[in-house]
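Contents: one structure, followed by commentary.
The values are calculated or read from the model by the stated rules, or taken from the named source; none is laboratory data. Model, not experiment: these values are computed from the prediction. Using ideal geometry, Cβ is built from the backbone for each residue, glycine included, and neighbour counts are taken over all protein chains shown.
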Protein chains: 2
Amino acid sequence: MTSTPTAPRLAAATLEPLFAPSGVMVVGASATPGKLGAVMAESLRGHDAPLYLVNNRAAGMHATIGDALAAAGGEVDLAVMCIPAPATAQALRECAAGGVRAALVCAGGFGEAGPAGEAHERAIVQAVRETGIRLLGPNTSGFFVPGRGLRASFVPGVAAVRPGPVAVVAASGGVNHALAFRLQRAGVGVSLAVGLGASLDVGAEDVLEHLVGDDGTRVVALHLETVKDGPALLRAVERLAAIKPVVALVVGRSDVSEFAASHTGALATSWRTTRALLRQAGAVLVDDEEALVDAVTALAGRRLAPSSAPGVALITAQAGPGLLVADALQSAGVDLPRLSLQTQAAVAEHLPPITFQANPVDTGRPGAGFDRVVAAVAADPAVDALAVYGLTEPVVDLPAAVARSGAADVVPVLVGVDGPQGDLDQARESAAALGLPLLAGPTALARGLVALVEDARAQYARSVEPAPAVEPAHLTGPWDEIRAKELLDQLGVRTPPRRRCTNRSQAHEALGTLGGPVAVKLVDAAVLHKTELGGVHLNIRTTAEMDHALDALEAVGARELLVESMAATGVDLIVGARRDHVFGPVVLLGLGGTAAEVMADVAIRSAPLSEQAAADMLDDLQGRALLLGHRSGPVVDRTELARVLTALGGVLRATPAIDEVEVNPLRLTASGLLALDAVVIPSQAAHAGDHGSL
Amino acid sequence: MTSTPTAPRLAAATLEPLFAPSGVMVVGASATPGKLGAVMAESLRGHDAPLYLVNNRAAGMHATIGDALAAAGGEVDLAVMCIPAPATAQALRECAAGGVRAALVCAGGFGEAGPAGEAHERAIVQAVRETGIRLLGPNTSGFFVPGRGLRASFVPGVAAVRPGPVAVVAASGGVNHALAFRLQRAGVGVSLAVGLGASLDVGAEDVLEHLVGDDGTRVVALHLETVKDGPALLRAVERLAAIKPVVALVVGRSDVSEFAASHTGALATSWRTTRALLRQAGAVLVDDEEALVDAVTALAGRRLAPSSAPGVALITAQAGPGLLVADALQSAGVDLPRLSLQTQAAVAEHLPPITFQANPVDTGRPGAGFDRVVAAVAADPAVDALAVYGLTEPVVDLPAAVARSGAADVVPVLVGVDGPQGDLDQARESAAALGLPLLAGPTALARGLVALVEDARAQYARSVEPAPAVEPAHLTGPWDEIRAKELLDQLGVRTPPRRRCTNRSQAHEALGTLGGPVAVKLVDAAVLHKTELGGVHLNIRTTAEMDHALDALEAVGARELLVESMAATGVDLIVGARRDHVFGPVVLLGLGGTAAEVMADVAIRSAPLSEQAAADMLDDLQGRALLLGHRSGPVVDRTELARVLTALGGVLRATPAIDEVEVNPLRLTASGLLALDAVVIPSQAAHAGDHGSL
């Protein structure tokens, strides 16, 4: 584990010298076949720019970096380092001194390799900081730009990766290659593929910022293992996703921290928080690398317009596979709207009467009129995206039939096929020539559609105005329950009527004033778990019951009391805001009760957030039905809930002295939301642990 | 929707004439290229047995079925019908009369096609019943047996499907082809591939029974849309899974019933119940067709020995993809045990010190000694299965290196690779020649491993003795709460001390005898929801409180009362048993409370079941941590819980007069499980609806 600080991000130093270098130098090139320095030099020969090889013992190569730079006459932007860790910092300085503006360091042996490695790491970070050279790596197998023939990679197979619209930004060099190869197998080309490795300088956020201006990139596949600078990453995703789709795969659903640390030298980031915040920033989230490739394949075609609930139609030549697609779509929450009667009538002109035609449309084997069926469905006003599936057949070129329909001029269209490899390859070629995304099989087709829909939803959510700025909280601690509820009052979050009492007669008077039933609670900023301590007495109605409660509270040493009206029954929620150690202020929403707790049914967003985004958190909850009138229960007012959530986020944004606010429970009653208990944790206390990342 | 009964299953009539016919006849063959009767005839020419074509208007074909049979001299086992629905029944009778023992009916237009179709369906069911001919279909695109060149399919691409170890049994002809093609693309061969269509005679259970004795089949891929005869299906899976792995994909996670009904003419079966019961019968369950193919690819190699928790090891040439595999495995509950110090020492001899070597083992690019690393890991006593992953490289034949290690003689070994298509094809060929299952990419590799582990777990669970037979319940209704609790007493399920009271003085006396606090409840077999009616009063301690409760109960018309000791606090469960309309008696386990309810966190098993199987139900629950000492709470005794569940299942098995028993809540307290409320529903009442399939 390393604690070396990363180099400062120099906004001025673009990544152009790294990804579009005028000349390239290999430091530690080799003439011995099979050696990494030889493989790299060979791989770089395909690049359409001058190449300079440095090795002080190989004939025909430049003996020193200086010699190479002199020969190049200042035309070297990128140095590829095939040398051991200890020699790297000095080589970086020599390169930078000679005008080299970017370097790729492939070697391992830095932060992940114990104290000696950490020293080497500090040395190269220092060199980067002092010279301004941009550094990719260390501990990566490189990057490649197929469109330029630029392949800074040890893996010869990358020569087969074709130029195309997808940029791959992977935490790991291995995953970068695996993704690029999977794209190649899917018939999809790559604009840029980067393995970040240890990210001592160039991080995912830098490459994403670079891609904002990269016209060759139409969609981005992002693979994340850890996040060093959460806010910078979210800003970059937000900027990029506004103009082209970003699909993200986050590692770490399970605890892989030990293995991951050996690999990246960094602490694992919370999987759940990272995913939620990336989605909020506009990314489409996927579960594995297969879904990642399916998603970018689909999104490399046309993007849907922003929409909260796009409608998808499916035309299938075989009912069984169509059922698999429909089942996968509906399970992912994608709407398959019933086609209009007009559309159904148009479709029926070309199909036998027994097939299902409302959506999905079951055509049977594509025959005459198939293209008109496709056109009619695409024209239905409820249809925002269309998928067409069929088994490959020698007499039917499905992509061509779809293209003939003109549907792709109306809505984004995906084609799904299944067939033996040779037929599939033919269908891919046909689809590629026609500009139609092609996916192999029902599940891949469904995943592609889900990605289109999720992207449209994310863009819609982002299009909503952000929340207004929030005033700092005027209150200060010590934050006992009463103080915390006064903060909620300021924020406009409803709390039950209450009295602070310091003796028995005040408590009896409060019961009289408030009327029973009341709750009587110990008030002490130092006590976080009142209930466990016997500090909470509920349903007090009579003087006798109050005396009984007061006796018990005296016995546990209570000096101040809160007497409060009991709330009506309802459904309990937990809401809160806290500082995530990677991403900063986040807000949380969950259902109350232990069942929801052990199932980790929680929605998370970065603050500030719009009321719309806050209201949408409800839809993340597996148990949301409980808040929507389950068994004649109360129905949550989404606006009221959104106001509570944005207000809590605002407190953390505006008040550095507060690290966490938790309202547990926030009760949904027939007359709205009511905060029954609240805890505020000041900044110091939050550092004591126990309130870590979700 | 049809209500036609299916033909009776004739145990004597095997499927040999269907899948291994001595001669084949095409009824409705055609000489016109492109017509289905021509495509089918052409497709069947590859079969290594005589072929007879029937068409009364085509030159060179037999004019009638009788002519063809006369020419064949009794050597036709299978008739393939390429004729319209109305002509089918008569053709079936003619075939059967001439000694044909099996038929494939491809046409649609039967039960799914309204009243006319239903009449045709009744006619062919009648013909099947009277002649004993076995019928596959209707409404299917057929089946194929690549090893015999027997391709009764309209899809020419099936010629590319190679012979091999996987049998495909699909509800739909389209899915049958899609799966076979996906297997072809994965380099895996097929022994038999069947699309069942409407299953009027031959159902999934028949084909599975056939596969028990089919030596060419080593693993079975099962696709289900609906289940007609649940018990027969479960019996067949149980028999088959005992000798070869069965992997099942069940459609219907979401509500696809409308489209499905149009396709199959049958009611959708409960997805959740079907999956749970198939798993209990020994099948491995998967979520989509990609996972299905990955699972059978892995299981076509060696099967693991039955085990409740097999240990898996992963060797990876690239850390990043290895992390994806490890994350997927752990998320699926697969154990990656730490390798022994001895193994780690053996591994360390061949690897640089900085890589992770405890499991996963990160080798870096495979070099000298790689095979010895693989051998050492395979020999570790904690390792029951091994996966090796690497990017394809020209100088490294990964399957060959794995084979050299001899690891596959010690444990099942899977190889995972990523590379461009050409390199992947080479790796597949190499692996196939060496008998090693090969999977493309980290997720596919992880899915393969999960399938190996799930199969071993299912076999282990099945190896446990079944539960003992249960005596019929001696009690009869009317089943009010007290009667229901007496049944629980008989079963050995603990209930709180109680008194039945018919007047106020008995109630007061009961409070005195039992001591407070008590619950006082309305007792009436006709009232299912006492609480909603104001029929439940809790925490009664004093005479005054009792009078208050009795007043209220009188007001709602209570004539009989239950006075019962209040139970200690704890965690509430719901347990029950009911008759599923497809599968018969099932038992259910869920957590109490509305949150668990709306999340549908329920475990389901078929009864009878062993105590071991019942205890394992706990592991299905997402919120199981609540029962395992969450926040210093009570820990469930698995044996006690298993006894309750098996006893409830036993009641339904032994007592036809009872359709459902529900204990809600069954409370887990510090001193064990206690049934706080119980409902028994006699058989008549259960047909009133409201207690349908989960």
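Condition first: under 22 Å from A:Leu36 (Cβ atoms), of a type outside the set (Phe, Trp, Tyr) and within 14 Å of chain B (Cβ to nearest Cβ). Can you find one or more residues in region A:180-191 that meet it?
Within region A:180-191 (the criterion being under 22 Å from A:Leu36 (Cβ atoms), of a type outside the set (Phe, Trp, Tyr) and within 14 Å of chain B (Cβ to nearest Cβ)), the answer is yes, since at least one residue qualifies.
Could you check region A:1-16 and list, in sequence order, the residues that are crowded, with 19+ Cβ neighbours inside 10 Å and modelled with pLDDT of 95 or more?
Across region A:1-16, the qualifying residue is only A:Leu15.
Determine which member of the set B:Leu573, B:Leu626 is over 23 Å from the mean Cα position of the chain (by Cα), among the hydrophobic types (A, V, I, L, M, F, W, C) and under 26 Å from B:Gln490 (Cβ atoms).
Sole residue among the options that is over 23 Å from the mean Cα position of the chain (by Cα), among the hydrophobic types (A, V, I, L, M, F, W, C) and under 26 Å from B:Gln490 (Cβ atoms): B:Leu573.
Which pairs have Cβ atoms under 6 Å, sit 6 or more apart or on different chains, and link a residue in region B:430-453 that is touching a residue at least 24 places away in the same chain (Cβ under 8 Å) and more than 18 Å from B:Ala400 (Cα to Cα) to one that is surrounded by fewer than 24 Cβ atoms within 10 Å (Cβ to Cβ) and among the aromatic types (Phe, Trp, Tyr)?
none
Out of A:Ala91, A:Ala20, A:Ala68, report the one residue that is at pLDDT 95 or above, small (Gly, Ala, Ser) and closer than 30 Å to A:Pro115 by Cα.
So the residue among A:Ala91, A:Ala20, A:Ala68 that is at pLDDT 95 or above, small (Gly, Ala, Ser) and closer than 30 Å to A:Pro115 by Cα is A:Ala91.
Of all residues being surrounded by fewer than 19 Cβ atoms within 10 Å (Cβ to Cβ) and in contact (Cβ under 8 Å) with a residue 24 or more places away in the chain in region B:95-115, which is farthest from B:Glu42 (Cα to Cα)? Just the residue, please.
Taking the candidates together, the pick is B:Ala97.
Can you find even one residue in region B:129-152 that is farther than 23 Å from A:Gln318 by Cβ, among the hydrophobic types (A, V, I, L, M, F, W, C) and buried (at least 24 other Cβ atoms within 10 Å of the Cβ)?
Checked region B:129-152: at least one residue is farther than 23 Å from A:Gln318 by Cβ, among the hydrophobic types (A, V, I, L, M, F, W, C) and buried (at least 24 other Cβ atoms within 10 Å of the Cβ).
Within region B:372-383, take every residue that is among the aliphatic types (A, V, I, L, M) and over 15 Å from B:Pro337 (Cα atoms) and give me the one that is surrounded by the fewest Cβ atoms within 10 Å (Cβ to Cβ).
B:Ala375
Within the group B:Ser191, B:Ser199, which residue is among the small types (Gly, Ala, Ser) and in contact with an Asp or Glu (Cβ under 8 Å, 6 or more places away or on another chain)?
After applying the criteria, what remains is B:Ser191.
With respect to B:Gly535, is the statement that it is away from every other protein chain (no Cβ under 14 Å), crowded, with 20+ Cβ neighbours inside 10 Å and over 30 Å from B:Leu234 (Cα atoms) true? Quick ask: steps written out before the conclusion?
Details: away from every other protein chain (no Cβ under 14 Å): yes; crowded, with 20+ Cβ neighbours inside 10 Å: yes; over 30 Å from B:Leu234 (Cα atoms): yes.
When the stated conditions are applied, B:Gly535 passes them.
Could you check how many residues of region B:92-129 are out of contact with any helix residue (DSSP H, G or I) (no Cβ under 7 Å at 6 or more places or on another chain) and within 14 Å of chain A (Cβ to nearest Cβ)?
The qualifying residues number 6.
Looking for whichever is buried (at least 17 other Cβ atoms within 10 Å of the Cβ), modelled with pLDDT of 95 or more and either in contact with a His (Cβ under 7 Å, 6 or more places away or on another chain) or under 30 Å from B:Asp616 (Cβ atoms) (or both) here; the options are B:Val402, B:Val453. Which one fits?
Within the list B:Val402, B:Val453, the selection yields B:Val453.
So is B:Asp616 under 18 Å from the mean Cα position of the chain (by Cα) and facing chain A (nearest Cβ under 10 Å) or not?
No, not satisfied.
If I ask for residues that are of a type in the set (S, T, N, Q), outside any strand (DSSP E or B) and within 12 Å of another protein chain (Cβ to nearest Cβ), which ones from region B:314-362 would you list?
B:Gln318, B:Gln330, B:Ser331, B:Thr355, B:Gln357, B:Asn359
Name the single residue that is nearest to A:Leu528 (Cα to Cα) among those in region A:652-680 being surrounded by fewer than 24 Cβ atoms within 10 Å (Cβ to Cβ) and of a type in the set (Val, Ile, Thr).
Step by step, filter region A:652-680, then rank; the result is A:Val679.
Here is a yes/no grid of residues against (1) under 40 Å from the mean Cα position of the chain (by Cα); (2) surrounded by fewer than 18 Cβ atoms within 10 Å (Cβ to Cβ); (3) in contact (Cβ under 8 Å) with a residue 24 or more places away in the chain; (4) within 24 Å of B:Gly111 (Cβ to Cβ):
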| position | (1), (2), (3), (4) |
| --- | --- |
| A:Arg338 | yes, yes, yes, yes |
| A:Leu341 | yes, yes, no, no |
| A:Ala348 | no, yes, no, yes |
| A:Pro353 | no, yes, no, yes |
| A:Ala358 | yes, no, no, yes |
| A:Thr363 | yes, no, yes, yes |
| A:Phe370 | yes, no, yes, no |
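Quick grid of which residues meet (1) within 14 Å of another protein chain (Cβ to nearest Cβ); (2) among the polar types (S, T, N, Q); (3) crowded, with 24+ Cβ neighbours inside 10 Å:
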residue: A:Asp201; (1), (2), (3): no, no, yes
residue: A:Glu205; (1), (2), (3): no, no, yes
residue: A:Asp214; (1), (2), (3): no, no, no
residue: A:Thr217; (1), (2), (3): no, yes, no
residue: A:Val220; (1), (2), (3): no, no, yes
residue: A:Val227; (1), (2), (3): no, no, yes
residue: A:Arg235; (1), (2), (3): no, no, no
residue: A:Glu238; (1), (2), (3): no, no, no
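What residue, of B:Gly422, B:Gly416, is surrounded by fewer than 16 Cβ atoms within 10 Å (Cβ to Cβ) and not charged (D, E, K, R)?
From the options B:Gly422, B:Gly416, the qualifying one is B:Gly422.
Kindly evaluate B:Val247 against the criterion of being in contact with a strand residue (DSSP E or B) (Cβ under 9 Å, 6 or more places away or on another chain), away from every other protein chain (no Cβ under 13 Å) and under 30 Å from A:Ala317 (Cα atoms). Don't jump to the end; show me each part of the working.
Numbers: in contact with a strand residue (DSSP E or B) (Cβ under 9 Å, 6 or more places away or on another chain): yes; away from every other protein chain (no Cβ under 13 Å): yes; under 30 Å from A:Ala317 (Cα atoms): yes.
In short, yes.
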